[in-house]
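Each remark here refers to the structure printed beneath this line.
The values are calculated or read from the model by the stated rules, or taken from the named source; none is laboratory data. Note that the structure is a prediction, hence the values are computed from the model and not measured. Methodologically, a virtual Cβ is constructed for each residue, glycine included, from the backbone with ideal geometry; neighbour enumeration extends over all protein chains shown. Side chains included, ligands, DNA and RNA excluded: accessible areas come from the protein's heavy atoms. Shrake-Rupley method; radii C 1.70, N 1.55, O 1.52, S 1.80 Å.
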Amino acid sequence: VEYSEGFNLILATRESDVLTSLSAVAQSLVFPINFTVSRAGLEAQLLGVTLQSERPELEDRKKQLTVIENDLKLKLSDLENSLLNELADSSGNIIENETLISFLNEAKINAQTVTESLEEGAVLTEDINNQRNLYRRVASLGADLFMLLGALPSLNRAYQFSLDSFLSVFKDSI
């Protein structure tokens with residue numbers, strides 16, 4: 001059978017037990033993607049919406065801190081890679097290589113600075129998370145409400161709510 005290498009077949013179903021009915025060969029070729037809303041993910045999203053409404057500066061600080069933390073981790077990784085490259089490129093006796101020793105001392109100082117900054121960031125993140133947890137109850141109740149609304153279509157098909165419509169009502173209610 002001739003086929004194109006660029007051919008992809010995408011099948012969507014609401015049935016959760018489809019994979020179990022497939023043969024082992026077919027199961028190995030299928031990549032399932034679950035688009036259902038998890039309670040924990042929804043709670044985190046609702047917490048972000050609540051904080052954006054009630055304490056936008058707190059949510060902005062959390063985002064900035066996350067960006068800074070990621071940058072510092074990348075810097076630390078770059079330091080490790082450059083250190084390994086310097087060690088790999090060094091020739092002769094490592095103890096007598098003054099360029100390498102000065103580079104090692106500089107890398108050590110930079111690594112200590114980055115590590116201290118990461119530790120300070122962890123303390124700030126913990127403080128922000130403690131402040132965010134004050135609003136977690138609202139997000140938890142919102143997630144519970146959405147999960148309850150998700151069960152309503154079993155009573156009547158007219159009671160169907162999308163996540164977007166729920167988020168819109170949630171934002172308006174805050």
* To do: Spot the failing condition for F31; the list is (1) open to solvent by 90 Å² or more (accessible area, probe 1.4 Å); (2) under 21 Å from F146 (Cβ atoms), and only one is missed.
  => (2)
* Residues within the stretch 13-56 that are of a type in the set (D, E, K, R), over 18 Å from V169 (Cα atoms) and either assigned to a helix (DSSP H, G or I) or without any contact (Cβ under 8 Å) to a residue 12 or more places away in the chain (or both), tallied -> 3
* **Per-region count, the stretch 85-102, residues part of a loop (DSSP other than H, G, I, E, B) and open to solvent by less than 90 Å² (accessible area, probe 1.4 Å)** => 5
* To do: Any residue in the stretch 106-122 that's touching a residue at least 12 places away in the same chain (Cβ under 8 Å) and closer than 13 Å to L65 by Cβ: show its pairings with residues that are open to solvent by 50 Å² or more (accessible area, probe 1.4 Å) and not hydrophobic (A, V, I, L, M, F, W, C) at Cβ separation under 6 Å, as long as the two are six or more apart or on different chains.
  => G121/E69
* To do: For L22, indicate whether it is open to solvent by less than 70 Å² (accessible area, probe 1.4 Å), over 30 Å from I109 (Cβ atoms) and modelled with pLDDT under 85.
  => yes
* Is the stretch 130-149 home to any residue that is surrounded by 12 or more Cβ atoms within 10 Å (Cβ to Cβ) and not in a helix (DSSP H, G or I)? -> yes
* Could you please let me know if G121 is open to solvent by less than 80 Å² (accessible area, probe 1.4 Å) and outside any helix (DSSP H, G or I)? => no
* Which pairs have Cβ atoms under 6 Å, sit 6 or more apart or on different chains, and link a residue in the stretch 156-170 that is within 14 Å of A143 (Cα to Cα) and open to solvent by 100 Å² or more (accessible area, probe 1.4 Å) to one that is assigned to a helix (DSSP H, G or I) and aliphatic (A, V, I, L, M)? -> F161/L149
* Within the stretch 110-123, tally of residues that are under 20 Å from E57 (Cβ atoms) and over 19 Å from the mean Cα position of the chain (by Cα) -> 2
* Asked: If you check every pair at least six apart or on different chains, which have Cβ atoms under 6 Å apart with a residue in the stretch 124-139 that is touching a residue at least 24 places away in the same chain (Cβ under 8 Å) and under 13 Å from E57 (Cβ atoms) first and a residue that is of a type in the set (G, A, S) and part of a helix (DSSP H, G or I) second?
  -> none
